[in-house]
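The values are calculated or read from the model by the stated rules, or taken from the named source; none is laboratory data. This structure is a prediction, so every number in the text was calculated from the model and none was measured. Here the Cβ is made from the backbone with ideal geometry for all residues, glycine too, and neighbour counts use every protein chain on show.
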Protein chains: 2
Amino acid sequence: MTLKNDRFLRALRREPVDRTPVWLMRQAGRYLPEYRATRQRAGSFLAMAQNPEIACEITLQPLARFDLDAAILFSDILTVPDAMGLGLYFVEGEGPKFRSPVRDAAAISRLAVPDMETELRYVMDAVRLIRRELDGRVPLIGFSGSPWTLACYMVEGGGSENFATIKALALNDPAALHALLSVNTDAVIAYLSAQRAAGAQALQVFDTWGGALSPAMYREFSLPYLTRIARELERGIEPPRQGGEDAEHTPLIVFGKGNAPYLEELAASGAEALGVDWLVELSEAARRTQGKVALQGNLDPTMLYGSPDAIRTQVRNALDSYAAGNGGSRDGHVFNLGHGMSPDMNPEHVAVLVEEVHAHSAR
Amino acid sequence: MTLKNDRFLRALRREPVDRTPVWLMRQAGRYLPEYRATRQRAGSFLAMAQNPEIACEITLQPLARFDLDAAILFSDILTVPDAMGLGLYFVEGEGPKFRSPVRDAAAISRLAVPDMETELRYVMDAVRLIRRELDGRVPLIGFSGSPWTLACYMVEGGGSENFATIKALALNDPAALHALLSVNTDAVIAYLSAQRAAGAQALQVFDTWGGALSPAMYREFSLPYLTRIARELERGIEPPRQGGEDAEHTPLIVFGKGNAPYLEELAASGAEALGVDWLVELSEAARRTQGKVALQGNLDPTMLYGSPDAIRTQVRNALDSYAAGNGGSRDGHVFNLGHGMSPDMNPEHVAVLVEEVHAHSAR
């Protein structure tokens, strides 16, 4: 099937494009009235994520409103540990929780990689359905939490302010934590491979909590597992076939909140692209990664609370910052936020952002 | 009055010391049973902070248990905006709030620097009383929130996850935000000067939320105001008189969560010392600041959840990391955490940390 808009995939390969592609983390979400209506009907977040028809409907909602260059599977980053038997549930206003957190070597040794086409079939069915419904309009991104970020939720039993439990485990029984990260890595690789087989055309790993670690701990507990994913995840022949055909190569984007200190190391991981947050200038990120990877990011999402004029200025600054660090070229840049959108954001401001990305970056 | 232990002040001047001095952010706090007993008696956090006798009692509590090299005034970072009329109050489990947040140019234009010896007399009385009670045992640190960090609470009306309101103000009415930061800077300078006059022997500014800003916004809304404090705050003649006499020079420590990207700029601000969090290696921080400032930090506070052996290893690593970046010398380092302590920490682990700092760093 021919992709009608392949800007996103071309930018991930650092190939020339007519304008900089844009998508937004959590672009399908509560800030959209149509999302809230679907949720009302479905009952709960989990019910939506586990129903392929609803997951497909929600994935497509922002594409109907905005000229976005990619769709991202509507799902949760904690589907994998849920399938491992931890019992994911949500308390309104409190975020995700697990009924059975894993906190010691014994509990960790009982974990196994779930079977993707049975225990996580609802995810793969959603990917297949979304690909069909997208009909080549834009590429579909599959995703997973990173081994460390999954481990944070699995050990803490939910969100955490200071990650006291998992950091104590890191200090007091590092071998147990490495065992957990290792099974998580195997599971993430299997999960992303299955999404690719089901039709995902790019894959993103979210290392949301790597930035909570000291450099020594990041290099022990997050970076090596991200690198193993980048090295071991089968993603086809590079370079892909030319022309409008589906690329056989499925690029991997490694996103990390607070990953600025590690960009050189991440650029050497084997991932095709790095997602960065707003705590680093794109010019600096581009200079430090020297064209080895594409870069995705990095507007502070709260900039969407600004006026339309302020948003346009911020968008132009980010686009120009990337080009300044990339030898004057806008190639190899995927515009995005530095973190996910919030429910109180204004959809009209999103429209302003998307339009300005395309207008200002037109070659 | 002769200081019996001047390690902390000597380290801030990068002078040789017999061992690395140590104190801990929030060393007087809820993790101590004696603090909880005092609080039970006093009723509330604010009642404690506003009563000089109780503030003195709490300030001294950790010194009775641990061989700490400095005391820090027990107070709150929001006393100044409270004195500006914003109405500070605390909701149990929710952190500080203001009854009258300031959100527009009109509200900001009505703010004025409070009179320190009337509206904030309880703070100065506490400083005077603590100095008397300390009797030269260790130096007393006075402190303030930074202009940006105070502004975050003043505009948001309390804590915030993403600082949506103040960042919208930064985008939509930057002149109003600069007016707020300007009056805050005047107030911080007056507040720290008054604490110095009352007896504080070192001063620390807490820029807790500077790290939430993009580099461009940090350099517009936080860094210039920290620099103005460092340049304009009168703190005596340098170098101070030699010998055991009280130094006339009162060093300024600028602490910032997430300040790693800006260490070179902060080192040029005129502050005598920088406090850094655990997201940067001390070796790197020392190399990048080239002996222009002393460094304070930077153990991840959650390391206190580790076993005593794990804590000792982490302490040694931090001490050795500093020396590795400082030409092999431990001079110019004040050991501390990278952020404040938490209520569920074990006082016996604090004893392990303090002992290990002194034992491992003995010259």
Any hit, region B:302-324, residues being within 30 Å of B:Gln61 (Cβ to Cβ), of a type in the set (Gly, Ala, Ser) and more than 10 Å from chain A (Cβ to nearest Cβ): no
Some residue of region B:190-202 being under 23 Å from B:Glu232 (Cα atoms), touching a Ser or Thr at 6+ places or on another chain (Cβ under 7 Å), surrounded by fewer than 22 Cβ atoms within 10 Å (Cβ to Cβ) and not aliphatic (A, V, I, L, M): yes
Test: residue in region B:296-316 that is out of contact with any Pro (no Cβ under 6 Å at 6 or more places or on another chain) and within 21 Å of B:Arg231 (Cβ to Cβ): yes
Residue tally, condition in contact with a Lys or Arg (Cβ under 7 Å, 6 or more places away or on another chain) and at positive phi, over region A:306-338: 1
Matching residues, region B:12-54, being in contact with a strand residue (DSSP E or B) (Cβ under 9 Å, 6 or more places away or on another chain), modelled with pLDDT under 95 and not in a loop (DSSP other than H, G, I, E, B): B:Phe45, B:Leu46
Flag for A:Ser193 being within 14 Å of another protein chain (Cβ to nearest Cβ) and out of contact with any strand residue (DSSP E or B) (no Cβ under 8 Å at 6 or more places or on another chain): no
Qualifying residue in region A:74-81 (condition: in a strand (DSSP E or B), crowded, with 23+ Cβ neighbours inside 10 Å and modelled with pLDDT of 95 or more): no
Residue check, A:Arg65 at negative phi and modelled with pLDDT under 95: no
Region B:91-120 - residue that is of a type outside the set (A, V, I, L, M) and buried (at least 16 other Cβ atoms within 10 Å of the Cβ) and, of those, farthest from the chain's Cα centre (by Cα): B:Arg103
Among the candidates B:Val315, B:Val293, residue that is among the aliphatic types (A, V, I, L, M), touching a residue at least 24 places away in the same chain (Cβ under 8 Å) and closer than 19 Å to B:Leu68 by Cβ: B:Val315
Residue among A:Glu53, A:Glu57 that alone is surrounded by fewer than 18 Cβ atoms within 10 Å (Cβ to Cβ), closer than 25 Å to A:Ala198 by Cα and acidic (Asp, Glu): A:Glu53
Matching residues, region A:279-301, being surrounded by fewer than 22 Cβ atoms within 10 Å (Cβ to Cβ), small (Gly, Ala, Ser) and more than 11 Å from every other protein chain (Cβ to nearest Cβ): A:Gly291
Region B:245-267, subset in contact (Cβ under 8 Å) with a residue 40 or more places away in the chain and aliphatic (A, V, I, L, M), residue farthest from the other protein chains (Cβ to nearest Cβ): B:Ala247
Every residue from region B:92-123 that is at pLDDT 95 or above, among the basic types (Lys, Arg) and more than 14 Å from B:Asp82 (Cβ to Cβ): B:Arg110
Only one of A:Ala271, A:Ala216 that is of a type in the set (Gly, Ala, Ser) and surrounded by fewer than 17 Cβ atoms within 10 Å (Cβ to Cβ): A:Ala216
Considering residues of region A:219-230 that are out of contact with any Phe, Trp or Tyr (no Cβ under 6 Å at 6 or more places or on another chain) and crowded, with 21+ Cβ neighbours inside 10 Å only, the residue nearest to the other protein chains (Cβ to nearest Cβ): A:Leu223
Candidate set: region A:337-363, residues that are surrounded by 14 or more Cβ atoms within 10 Å (Cβ to Cβ) and polar (S, T, N, Q); chosen: the one nearest to the other protein chains (Cβ to nearest Cβ): A:Ser342
Filter result for A:Glu156 (crowded, with 20+ Cβ neighbours inside 10 Å and among the acidic types (Asp, Glu)): yes
Region A:161-182 - residue that is more than 10 Å from every other protein chain (Cβ to nearest Cβ) and of a type in the set (Gly, Ala, Ser) and, of those, surrounded by the most Cβ atoms within 10 Å (Cβ to Cβ): A:Ala176
Scope region A:268-327; condition touching an Asp or Glu at 6+ places or on another chain (Cβ under 7 Å), outside any helix (DSSP H, G or I) and not β-branched (Val, Ile, Thr); matching residues: A:Trp278, A:Ala294, A:Gly297, A:Asn298
Which numbered condition A:Ser329 fails, given (1) in contact (Cβ under 8 Å) with a residue 60 or more places away in the chain; (2) over 18 Å from B:Ser214 (Cβ atoms); (3) more than 14 Å from every other protein chain (Cβ to nearest Cβ); (4) of a type in the set (S, T, N, Q): (1)
Evaluation of A:Thr185 against (1) closer than 30 Å to A:Asp6 by Cα; (2) in contact (Cβ under 8 Å) with a residue 60 or more places away in the chain; (3) surrounded by 21 or more Cβ atoms within 10 Å (Cβ to Cβ) (one fails), failing number: (2)
Given (1) within 22 Å of A:Met303 (Cα to Cα); (2) touching a helix residue (DSSP H, G or I) at 6+ places or on another chain (Cβ under 7 Å), number of the condition A:Val17 does not satisfy: (1)
The lone exception for A:Arg137 - which of (1) away from chain B (no Cβ under 14 Å); (2) surrounded by 24 or more Cβ atoms within 10 Å (Cβ to Cβ) it fails: (2)
Search result, residues across region A:328-363 that are among the acidic types (Asp, Glu) and in a helix (DSSP H, G or I): A:Glu348, A:Glu355, A:Glu356
